[in-house]
Every structure is written in structure tokens, then in C-alpha cells.
1. What helices (runs of 4 or more DSSP H) completely inside region B:143-215 contain at least 3 residues that are within 13 Å of chain A (Cβ to nearest Cβ)?
2. What single numbered condition from (1) crowded, with 23+ Cβ neighbours inside 10 Å; (2) more than 7 Å from every other protein chain (Cβ to nearest Cβ); (3) more than 19 Å from residue B:425 (Cα to Cα) fails to hold for residue A:145?
3. Consider region B:380-400. How many of its residues are facing chain A (nearest Cβ under 7 Å) and part of a loop (DSSP other than H, G, I, E, B)?
4. Given the criterion buried (at least 24 other Cβ atoms within 10 Å of the Cβ) and closer than 30 Å to residue A:152 by Cβ, identify the matching residue among B:399, B:419, B:443.
5. If residue A:92 passes every condition in (1) in contact (Cβ under 8 Å) with a residue 60 or more places away in the chain; (2) surrounded by 22 or more Cβ atoms within 10 Å (Cβ to Cβ) but one, which one does it miss?
6. Would you point out the residue of region A:24-59, among those that are in contact (Cβ under 8 Å) with a residue 60 or more places away in the chain and more than 8 Å from chain B (Cβ to nearest Cβ), that is farthest from the chain's Cα centre (by Cα)?
7. Within 30 Å of residue B:379 (Cα to Cα) and at pLDDT 85 or above - does that describe any residue in region B:243-251?
8. Please indicate, with yes or no, whether at least one residue in region A:60-72 is in contact (Cβ under 8 Å) with a residue 24 or more places away in the chain, over 18 Å from the mean Cα position of the chain (by Cα), within 30 Å of residue A:152 (Cα to Cα) and more than 7 Å from every other protein chain (Cβ to nearest Cβ).
């Protein structure tokens, strides 16, 4: 997998002074990461007791998840504990693109079954494009229309994939 | 010489107009879809699966196979030019391919990828022909303990070879395994972790998971950094010719990679992705200049590319000879055959030799087509990827959504993409790599099944797994690898004074 793309690009963008100054007070990444790992582990461990655990010679449905959950929790601790002492790189979240892309997907999921493909694509493209700070409204509009026609051509006309094209609720 | 006779027979079947046409279509579409970042070979195959229903079984298989290895070819283009893998197995190509592109050597990288991929495929085809009979025999001696051991090895390798903390890699693997537990437990019929959603009856949709984790989160990261469109102006034909040194340096990695891929491909649970990781790790270890890796070492592309193509081809061995799909993609192939009433297995070679050998012959034809198509089309791919990212990414998002939706016509899958996209982005921010998670997810149910069976046989004794020669050796190797990597990592962390700056 690529060097975490965030890492690769951030190291290009930061200047030497930035790099030296860009030390957060704590290693937030590992702290959050460790806690998240433990939380996920707990999420899987708790229900596993409801599924039959069985014994090693006859594993029940809960055995494997329980074992894995415990392992994950241990790994989470191993990540968390050293992190509490050191400093680390700061956590930079890019909210606008994240929200735009995720909202776009959510819109698609909401719209496709109620209104069909064309409206779903139009809205999804429009919302996603807004994730870009320099987005201009009329360009976004044109893009939305072009992409919806394109996808219709490829999927409905070309590949005959059964998709609801346009629907009135 | 019986193999040669069979191959000739296969070529007869493959050279019909219909088969040639669908081979071409499959290969072309596969490459096109593979180039697009965020949409990989699984998506490509699943999108075109419904089309294959209207075709003859043999033709259907030829087309889908073409899509599959075509996508593997195309995936590396995006890795080199955009640092965004087009398919998970080309993720490793980003490591040295993108630096090469930044040094102005994108043409060479792309060309070497094509050649290495072709070489890998050819070797894979040879392996397929030679090994299919032998594989049947070997696999019959592989018990659940052996399968379990191999999967553990694969997972540990995937976790510890990833950049950055092997601990985080392990965490991702285990998380993937846990996600694989979601759904109906095959053994007991109990629904696990489905949170009341009936759509999770069959587990989490792999396509949704993969697209969310890889595609969506990468897109978010890319948009966030406002990458300028297309880092390269042009890739003229002349610039693609590698230097003598490049070629010489690539020969051994290609051979090694092809062998690694041919070995790992048939093994269930491992595939092109792990094969490419392992090849990269091997090349780095064997090289006289390991520091050059990650900065544009051509061995870092040649080996993995040969390896993932060899693995893609040889992955068909267990699918066709045993009826055991080694990966989700192979499962799709299996589905196509079953729908046409053809049962893969040892009988396939005897009862439907035209399908088996026709397919093998089409691999040859398809790979030649890919090389011929790829060289002129590189210019088009570059231009395609130069479309300003602002226009490209909303399109890719829609393609992802449609691709996922078309698998089940269920909007729930889109919500899964949303969830895993968010999770994936979060993970990237926290320096957790998503690839080991996918490997864990695919292997999870298989591992559990095999562990269960193995433990039944040893009567609950975990140590019993070590007593069997093959599984014991593999497990010990795995533990050694894990311990070695983790201690090495912890040591460097301590000597560096625990400053976790990204390098």
C-alpha cells in the first residue's frame, strides 16, 4: 500500500521550520488510535458471550470473535501506552472534502431508490464537487449533467445493468 | 506432450470470433476500469458479471477473466501517475512508481510495468499448465491445519510489511478478521453482529467495504490536498524506453516475482495483493541498495508487477481444479460457471476440456492483447488522468456508488460505503493502513472454519497444530517473522527517542 498518502504529501508540503514546530503536545494519533482499537475490541467482545462460546475442541460462534477481540484489545493497549508519554505529529483533519464526499455518497444512497439514477448522480456530483473550495456553480451544474448522461450511457444503455433511471415517488 | 495437444485444442476454441471479441472487450474494459483509482478488479468483474449471464459458459469465463487480469494491468497506471492504486494489488507499485514519475521517469515505469506484468502472466500460464495436475494431488494432502497456518502467515506478512508500525498493521488485520465475523456463522447458523440489519445476513458486502476503505478515503485525502491535475505534462513514446541498466536490474526481480506469484496465487486466501507485498519485501531484502527503495527503484516495480500478474493467473488453479475459490474474484468466476450448470473440479478438465483449455489459451491471447493495447493507450490513460481532479473525483464517486449498488440493488450497501469511507479516512489520518484489513476480512471466515476443523481433529489442543510437519513449520516461521519485525520496530522507536514524525 502507498506510504500513507497523508504522510507522503504532508512531508512535501511542510517546510523544515514547520516540521520542527509541528509537534503536538502529545502523540494524539496513537492515543486516538489505541483507544479506537480498544473500543472496537470491546464492541466485538461483549456480544460474543451471547453467542455460544463452546470449548476449544468444539468452537462455538463466539469463540473466534472473543479471541480476536482480546488480541485487538492488547494491541490497542500496546499502541496507547507508549503514546501517552511522547510527543507526536499533529492531527490534521480536512473537514470540507470529507463532509462533501461523504454527504455525496449518502445522498446517492438516499436518492437512488426513491428517485432513480439520473437525479442521484446529479445530486451526488454536485455535492461532491462542492468539497472543492474553488468550485464554481455553473461548472458544477454542467459536470452534474454530463456525468449523469455518461453513467446512463455506460451502465443502462451499454451494459444493461438493471438500475432505476428516473422514478416519480 | 499431452499438454501441448491440449493447448492446441484450446487455441482452436479460443480463436473463434465470439471468444476473441469478448476476450478483447473484457481485457479492454478491465484495463480501463483498473486505471481509475478507487475502482479495482473486483468492482470491474462484479459490474460485468450480469453481462456474462447471456453468454456461453466458456465465453463468459473468457470475458470475466480478461476483465480481471486487464484490471490488474491497468491498476498500476494510476499508482505510478497519481500515487493512487487503481487496484489493491497495485498499491505496492505506488511506493517506487510514484517517485519515479516525480523524477520524470513515468514512461519507463509504465513500460516496465507492462513488460513485467506480461512476463509474470506468461510464467503464470506455464505454471498453470504444469501445475494443475500436481496441485490437485498436493491440495488433497492439505488439511485444515495447513490452510490455517498458511493464512496466519499471509496475514502476519501483510501486517508487518506495511509501512509504519507493524503493531498498527496487526491491529488492522485483526479488525479485518473481526469484520469477517459479521453475518451468519456457517457452522451454527447464528447471526453475528448484524445489529438487526437483515442486509447483513451474508456479512458485509466486500465490494462496499473495499471501495469505501480504498476509494473513498483516498479521494477525500486527495481532494484535501488540492493536488494539481496530472503531475506530468506528457509521456512521449521515446521516454518510455528504459535504459540498459533498468532492464538489467529488472530481470531478476521479474523472475523472482513471477515465481513468488506462481506459488502464492494457487494458495487459497493469498492472491495478487499479498504476492506483490511479498515480492517487494523480498526485493528489498535481496537488494544491494535497500535504501533506494521507496525513492524510485525499478526493482520495486518490476518484481511486484510480475508477481501480481502471475498470482492472478495461477489463482485459477484451485478454482478450476478443486472448485475452491481462493478469493472473492475467483468466487465470482465460480458463480458464473455454476449458473451455466458447469461444476468446476477435477471433472472439469475431463468433461469440459474445451472450457478449461480454451480459457488457458485465452489467457495467452489476452495478455498479448494487453501488451499491444497498453503501449499506445498509455498516452490516453495519461490524458485521462490529467482531467482536472475536480471533475474526476465526483465522477469516480458516482462510479463507485453505481458499481456497489449494481451488485445487490440494495441501498444499504451504499451506506456501508459511507461508513467505511469515513472509517478509512479516519484510519489514514491516524496512520493505520487499510490494506491489511481487507486481507483479514477475506480470510476471516475461511480461517475460522479451518481453525475449527483443525481443533476438532486435535481435540481442542492448540499445540496439536504444531505437531503436523507442514503446519508446524509454517506457524513457527510466522511467529519468528512477527517477533522479529515487532522487536526491530520497537528498538528503532526507542533509539529515535520516540518522536513519531512522519518521514
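1. Once the helices (runs of 4 or more DSSP H) in region B:143-215 are filtered for at least 3 residues that are within 13 Å of chain A (Cβ to nearest Cβ), what remains is B:144-161, B:166-180.
2. Unmet condition: (1).
3. 0
4. Checking each option against the conditions leaves just B:399.
5. Answer for residue A:92: the failing condition is (2).
6. Of everything passing the filter in region A:24-59, A:25 is farthest from the chain's Cα centre (by Cα).
7. Yes, there is a match, as at least one residue in region B:243-251 is within 30 Å of residue B:379 (Cα to Cα) and at pLDDT 85 or above.
8. No, region A:60-72 has no match at all.
The values are calculated or read from the model by the stated rules, or taken from the named source; none is laboratory data. What you see is a predicted model; the values in this text were computed from it and never measured. Positions of Cβ are backbone-derived with ideal geometry, glycine not excepted, and every protein chain shown enters the neighbour counts.
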